[in-house]
Amino acid sequence: MAANPQARTASETVAALVARARAAQREFERWPQERVDEAALACGWAILKPENNRRLAQTAVRDTGMGDVADKIAKNHRKTLGLLRDIAGVRTVGVIAEYPERGITEIARPVGVVAAITPSTNPAATPANMIVNAVKCRNAIVLAPSPKGWSTCALLLEFTHAELAKVGAPRDLVQMLPAPVTKEATQALMRACDLVAATGSQANIRAAYSSGTPAIGVGPGNVVSIVDVSADLDDAAQKIARSKTFDHATSCSSENAAVILAPVYDAMLAALAREGGVLLDAAEKARLAAFMFPEGRLASAAIAQPAARIAAMAGLERPAARTARFLMVEEAGAGPAHPFSGEKLSPVLAVYRARDFDEAFALTAAIYEYQGKGHSVSIHTRDEAQVLRLGLELAVARVIVNQAHCFATGGSFDNGLPFSLSMGCGTWGRNSFSDNMHWRHFLNITRIARPIPPRVPTEEELLGAWWAKYGR
């Protein structure tokens, strides 16, 4: 009698998936650029198609219990449309660059089979982004969704397979782990594939980097927004509030703290209040902390919930808190003794008063030393010197200037960053890259080197100035 498929070990299940993925990828990598582009567009349309998008958003909110349907529809559309714009016309097949003066020809090559680890906070947009990037570069991809996000991912694959069939692409080009997704199966997948692209919990990121397979994994967010005395306060408040509340703050790029310079502190709090923010008093803050951080860790019940629901669950009785668009708590320090200084993944904003920009910089650096180092910082200012100082001195991969951070840091139609839902945090965040994860990370490049006329410098050319200054 044949063995029950459900009784197979995780490694056997994964081996079968990857074998099918490799067969599909070997066929697909022979496709010309035009057909590859059609396949990538098919994968994008699978989530952009309005009826698909709505079903995906509804399934995500229903089954994860996180976020807002309308916001997820907007996110799925905007992120995918932006990605398709970014990859339009990009060559990922054959010769992609020639440098005659250096005798170099660059040829795009697929990485093979990608293992994609995706989170429950964005169970449609993140896997869709990874699928499009992988397929654009002639790879196969196997998704390992979070358990809560499995049903959304399964629906996305149903839509994706339907669109891939239209262009004649192999069905096994895009696959996912069967339910229930286990730690063992996810780890087996990471070991069996050629590249791991990981977004989500830091446990998964660390597992990706220690899997023995080349990995691109991202760090945690904990975005600080600095509000300078030169800022347009109403504009800054509108952008912070919009970013803080979008999809109930499922994004790692939502502002978690606002560091406000003292001369405009009261005026900025008033501007945030006009946008629906409610500042809690000390007793309310203590109640909220007890609910959100039992035993010092963020409670899952608080993640990506409306502010009013969080207020009710925390036992906040003031009517304003029960109808708030977002909640605000005053903070003064960073670290475990100040839990609101960490990532909250909820419409709760910590606010800090800084004497001047030097103190604002120091407070921001201290917050990132606790959580979020390497990710991004936001600043509302007209002072370019402050912007440049953040870029030169703060341990972040992105400085977002006068923008709503969660929309800007992952790429926007009005800035030059690539559209992505996965932000590398560099060595500061224990990551292997500091870019927005995009198509280039899913390619190998082969370089042909031809002989060119030699140029051998003299020692005098290279060392003459040094000798003149320090002697021979």
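The values are calculated or read from the model by the stated rules, or taken from the named source; none is laboratory data. Predicted model, so just to flag it, every value in this text is computed and none were measured. A quick note on method: Cβ atoms are made from the backbone with ideal geometry, for glycine too, and the neighbour counts reach across all protein chains shown.
Quick one: is Ala258 at pLDDT 95 or above, of a type in the set (Gly, Ala, Ser) and under 29 Å from the mean Cα position of the chain (by Cα)?
It is true that Ala258 is at pLDDT 95 or above, of a type in the set (Gly, Ala, Ser) and under 29 Å from the mean Cα position of the chain (by Cα).
Could you tell me which of the residues Ala337, Ala304 is within 22 Å of Ile367 (Cβ to Cβ) and surrounded by fewer than 19 Cβ atoms within 10 Å (Cβ to Cβ)?
Matching residue, one of Ala337, Ala304: Ala337.
Farther than 29 Å from Asp194 by Cα, outside any loop (DSSP other than H, G, I, E, B) and of a type in the set (Ser, Thr, Tyr): is that true of Thr59 in this structure?
yes
Among (1) under 25 Å from Asp435 (Cα atoms); (2) at pLDDT 95 or above, there is one condition Met176 misses while meeting the rest; what is its number?
For Met176, the failing item is (1).
Determine, yes or no, whether Gly315 is outside the structural domain of Val61 (by TED's automatic domain parsing), surrounded by fewer than 16 Cβ atoms within 10 Å (Cβ to Cβ), at pLDDT 95 or above and at positive phi.
Here the answer is yes, as Gly315 does meet what is asked.
Could you tell me which of the residues Ala60, Ala21, Ala46, Ala39 is touching a residue at least 12 places away in the same chain (Cβ under 8 Å), farther than 14 Å from Thr80 by Cβ, crowded, with 21+ Cβ neighbours inside 10 Å and in contact with an Asp or Glu (Cβ under 7 Å, 6 or more places away or on another chain)?
Every option except Ala21 fails the conditions.
For region 353-379, what are the residues that are within 13 Å of Val223 (Cα to Cα) and part of a strand (DSSP E or B)?
Once the filter is applied, which keeps residues that are within 13 Å of Val223 (Cα to Cα) and part of a strand (DSSP E or B), region 353-379 yields Gly374, His375, Ser376, Val377, Ser378, Ile379.
Of all residues in region 351-383 being of a type in the set (Lys, Arg) and either modelled with pLDDT under 95 or in contact with a helix residue (DSSP H, G or I) (Cβ under 8 Å, 6 or more places away or on another chain) (or both), which is surrounded by the fewest Cβ atoms within 10 Å (Cβ to Cβ)?
The residue in question is Arg355.
Within region 238-254, is even one residue surrounded by fewer than 22 Cβ atoms within 10 Å (Cβ to Cβ), touching a residue at least 24 places away in the same chain (Cβ under 8 Å) and either in the same structural domain as Gly410 (by TED's automatic domain parsing) or not in a helix (DSSP H, G or I) (or both)?
Yes, region 238-254 has at least one match.
Could you grab me the full set of residues in region 384-403 that are surrounded by fewer than 21 Cβ atoms within 10 Å (Cβ to Cβ) and out of contact with any Phe, Trp or Tyr (no Cβ under 8 Å at 6 or more places or on another chain)?
Glu384, Ala385, Val387, Leu388, Gly391, Leu392, Val399, Val401, Asn402, Gln403
For region 102-125, check the following and say yes or no: at least one residue is assigned to a helix (DSSP H, G or I) and over 24 Å from Met176 (Cα atoms).
Looking through region 102-125, at least one residue is assigned to a helix (DSSP H, G or I) and over 24 Å from Met176 (Cα atoms).
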